[in-house]
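One structure is given below, encoded as structure tokens.
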Amino acid sequence: MHNSFPVLRDSLLQRSIVLRAEMDMAAKEETYTLGKFLTHCTIILWLVFILMNLRTGQKLPWFNTDLKGAQAPLAMEGGDPYIRALMRTISASESNVTNPYSIIYGGSRTQDLTQHPDRCITISVGPNLGNCSTAAGRYQFITTTWQEQSKKYHPGAEGLWLWQHYSFEPHYQDVVTYRWLSDPRAWNADLSQLLRSGEISTVLHKLSPTWTSLGYGIETNDMSASLPQIYQEVLKEELALTQPPNRQANLATPNP
């Protein structure tokens, strides 16, 4: 139904209607402009967030399936598959990159692994902001920890007296870490036995003061919560490697 009430040109009623229409249009334009502003702000914040994560070498949540650190095989051959799987799990959180043995805190690389690189890189995020870290290698050893544990578990120092150093080649990074994790006196517990009993969370908790990204430390990351599941996956691979070749073939062949 149309309103038959006449509206006179330039009347007060007409001017009121026009003014109301203009106000409504201005309000819509203001709302639209505010919406565009908020959208642009959101996009900018996400870009800043992504760039900061990439700069610090951290993974974003949607990269959870990118397990370069865990997938990289150990340079060391043999040993307890449960401890080997634990080493790869530590790598998933501490050095989740291709070729983790040469990585330095912050994402740079070292080409010289004759000894620990001992580069102190400024920490730009987290509870230790402003300090620096010498963490390097697959297990992100800081210099002092590497020297301390190498004296106990490294096959042998190179050089003489004050010039002695311990090779940081991939094989030796693995050997020192393996022997350290296998020593019950170092952890007041037999980690291998705990792992065989399915207590991976207990083990990660014990290790978290040393490797602070394992889920119970002060520097957890987006990988930390997934480490028990990652451990189970790499354990399957390590156990398969311990099977004799003919046994592996039998496992791969379905029963008739």
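Values in this text are rule-based calculations from the coordinates and carry no lab data. Model, not experiment: these values are computed from the prediction. Cβ placement follows ideal geometry from the backbone for every residue including glycine, while neighbour counts extend to all protein chains displayed.
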Condition met for T114 (in contact with a strand residue (DSSP E or B) (Cβ under 9 Å, 6 or more places away or on another chain), touching a residue at least 24 places away in the same chain (Cβ under 8 Å), surrounded by fewer than 16 Cβ atoms within 10 Å (Cβ to Cβ) and over 26 Å from L227 (Cα atoms)): yes
Of the residues that sit in the stretch 184-214 and are in contact (Cβ under 8 Å) with a residue 40 or more places away in the chain and part of a loop (DSSP other than H, G, I, E, B), which one is surrounded by the most Cβ atoms within 10 Å (Cβ to Cβ)? L214
In the stretch 75-111, the residues that are more than 16 Å from A135 (Cβ to Cβ), more than 18 Å from the chain's Cα centre (by Cα) and touching a residue at least 12 places away in the same chain (Cβ under 8 Å): A75, M76, G79, D80, P81, Y82, I83, R84
Could you tell me how many of the residues in the stretch 124-152 are aliphatic (A, V, I, L, M) and crowded, with 16+ Cβ neighbours inside 10 Å? 3
